[in-house]
Amino acid sequence: MVHYKLIYFPLRARGEIARQIFAYAGKDYEEKSVTFEQWPALKNTTPFGQLPVLEVDGKPLGQSYAIARYLAQEFGIAGKNDIEKAEVDAIADQFKDYLNEVVPYLTVAAGFKPGDANQLRTDVFVPNFKKHFAFFESILASNPSGFFVGNSLTWVDLLISQHISEVLEKDLKVVEEFKKIQAHRKKIQSIESIKNWIARRPEYPF
């Protein structure tokens, strides 16, 4: 049996997609939580000087999206064929573009950097959220299944529904116009294994 060990900070953030894939698949894994005080001493031992890292029978794999793609492939939620897998990857890469554009707001809002969170919300977060989620809303509107790709769950459904859940905790108004996105979040987070994971997962700040 393969032994999986997820190494990450005590946060949801970039580690949550792997946790939700494990939860959906019903697979056991070990998690090592690294505090911010411990991190400097461990940083140079990781593949790219960052977390999360997934160890697969002791072999380390870096980058959260690479980890998600690997686990999704292992557990059957990467897409049913090559074109579906490519579509999933395209949506995930577009989502990463969105995250890169809103990082200035997210880091200030989370308290990692000083700055005017309200001004950054107006100038950075809201326009970029609306730009990118218009794409995602359109994709969902074109697929009667309610999933992003094909007619079953893929890891990108977990990725985006979790982000929307976190946005809704703090900023309901920005999501209001995206009815398909809201329905998608409810659909995905109503899946029994995901619903159960959300109910029992640790109370991390974000």
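Just give me the residues in the range 71-114 being of a type in the set (S, T, N, Q), within 18 Å of Asn128 (Cβ to Cβ) and surrounded by fewer than 14 Cβ atoms within 10 Å (Cβ to Cβ), in sequence order.
Asn100
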What residue, of Val103, Val88, is without any contact (Cβ under 8 Å) to a residue 12 or more places away in the chain and under 19 Å from the mean Cα position of the chain (by Cα)? Val103
When the residues of the range 45-55 are narrowed to those that are in contact with a Lys or Arg (Cβ under 9 Å, 6 or more places away or on another chain) and surrounded by fewer than 16 Cβ atoms within 10 Å (Cβ to Cβ), which ends up nearest to Arg19 (Cα to Cα)? Gln50
Kindly indicate whether any position in the range 84-97 is among the aliphatic types (A, V, I, L, M) and outside any helix (DSSP H, G or I). no
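Give the number of residues within the range 146-183 that are in a loop (DSSP other than H, G, I, E, B) and not hydrophobic (A, V, I, L, M, F, W, C).
8
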Does at least one position in the range 137-154 carry a residue that is exposed (fewer than 14 other Cβ atoms within 10 Å of the Cβ), more than 14 Å from the chain's Cα centre (by Cα) and not polar (S, T, N, Q)? yes
Restricted to the range 157-170 and to residues being among the hydrophobic types (A, V, I, L, M, F, W, C) and over 8 Å from the mean Cα position of the chain (by Cα), the residue modelled with the highest pLDDT is Ile164
When the range 139-185 is checked residue by residue, the ones that are closer than 22 Å to Asn81 by Cα and of a type in the set (Gly, Ala, Ser) are Ala141, Ser142, Ser145, Gly146, Gly150, Ser152
If you take the residues of the range 7-44 that are of a type in the set (Phe, Trp, Tyr) and within 19 Å of Leu158 (Cβ to Cβ), which of them is most open to solvent (accessible area, probe 1.4 Å)? Tyr24
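The values are calculated or read from the model by the stated rules, or taken from the named source; none is laboratory data. Model, not experiment: these values are computed from the prediction. Note that each Cβ is placed from the backbone with ideal geometry, even for glycine, and that neighbours are counted across all protein chains shown. We work out accessible area using only protein heavy atoms, side chains counted, and drop any ligands, DNA or RNA first. Shrake-Rupley method; radii C 1.70, N 1.55, O 1.52, S 1.80 Å.
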